[in-house]
1. Tell me which residues come under 5 Å, amide H to amide H, from residue 174 once H is placed; ignore anything under 5 positions away on its chain.
2. Report the residue, chosen from 172, 244, 81, that carries the largest GNM mean-square fluctuation when the chain is represented by alpha-carbon nodes joined by springs under 10 Å.
3. Give me the net charge for the shell around residue 126: Cβ to Cβ below 13 angstrom, other residues only, Lys and Arg +1, Asp and Glu -1.
4. Below 13 angstrom from the Cβ of residue 296, what's the summed charge of the other residues (Lys, Arg +1; Asp, Glu -1)?
5. One quarter of the convex hull surface, Cα atoms only: what value does that give for region 1-87 in nm²?
6. Quickly rank 123-132, 201-210, 151-160, 86-95 as a protection proxy: mean count of other C-beta atoms within 10 Å, highest first.
7. How large is ³J(HN,Hα), in whole Hz, for each residue of region 60-76 in order, when computed from phi with the Karplus curve 6.51 cos²θ - 1.76 cosθ + 1.60 and θ = phi - 60°, using x for Gly and Pro?
8. I need to check one value: relative contact order of the chain, counting alpha carbon pairs closer than 8 Å and at least 6 residues apart, in percent.
Amino acid sequence: MFCVECGKEIEEDFDGMCIECYIKSRKFFEIPGTIEITVCRNCGSHKLESKWIEGSMEDALKNFLEGSIKHRGVKKFRVKMEGSRIICTGEFHEHPVYEEREVEIKTRYSICEKCSRMKGGYFEAILQVRKDGTNMTDEEIKLSDEVVYKKAGHGGYVTKREKKHGGIDYYMGDKKMAASAARILSDMFHGETSISPSLVGMKDGREMYRNTYVVRIPEYAKGGYVEVGGRVFRVFDMGKRIGMRDIETGEKKYFSRNEMSKVKVIGAEEMEAIVLSSREKEVQILDPENYKTVVISKPEDMEVGEKVRILKWKDRIYLTGG
């Protein structure tokens, strides 16, 4: 058998041709001559066909072309843009194939759906984070913000953030992201989550609901103090089990979340005191509230005039080492 184009003897033919002549005579890629792209003038995301894509225009075009260019029988398909040229490569029956084409890119500017909703104050869910019995600490607020805004950054948004008694409310543009953030916060703080849907209207004949997610976090927190069996412990770990250390003896205890319901949370905060005198096993410190001299056991070497951290609880003063 001979190739009908070049006359070379062949064992396998492709429409009567050798593989080289066949590749020369065929187009393997359907490369568009014009691409229309819409750019959001607010956030810079791009829309190709009907889908908005965040990121650079180059990445948006590359992702669009990889999914839209048809490549008949081609393996190891690759596409890239160099200026206004689209370059496609791949393999056909283990032979390299290559095509390129100049493309006209038509750009127009608009507002994406996400930014339009955000500017209009639209939200699908409210995420409420509350701390039992007291206000959230600055560290807890910081961690909550990090979780919520990181989640919202993946295609969502937070239209409003409000500080409330005992916590914070986040008005979020996407229910799924609000639910995911609620799960993460609940696990992080050993909290409990409840969901309350409310009917807000109809769309295309379907009922539309807005969800309120409430994450209730316990009063105890990492770095805080609790009383167990008359002893004072400092919480040092908020993992699967709560780790606590006796601030006098150094003894460690690990409680489950259910067991933590039996402990008493100490609402007192650490204070700073000055060492007045130091002996072998005890020190004298100045009570910062009433300026009285107090003698307490000394766990480590301390210098006169040194500032130490203390905790006052039930008419006793504890050195915290914090």
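1. For residue 174, the qualifying residues are 124, 125, 157.
2. The residue with the greatest mean-square fluctuation here is 81.
3. +2
4. +2
5. 7.4
6. Answer by packing, highest mean first, reads 123-132, 151-160, 86-95, 201-210.
7. 5, 5, 4, 5, 5, 5, 4, x, 10, 6, 7, 9, 6, x, 8, 9, 6
8. 9
Here, each number is a calculation from the coordinates, and none is a lab measurement. The model shown is predicted, which means the values in this text are computed figures rather than measured ones. Glycine also receives a Cβ, built like all others from the backbone with ideal geometry; neighbour counts cover every protein chain displayed.
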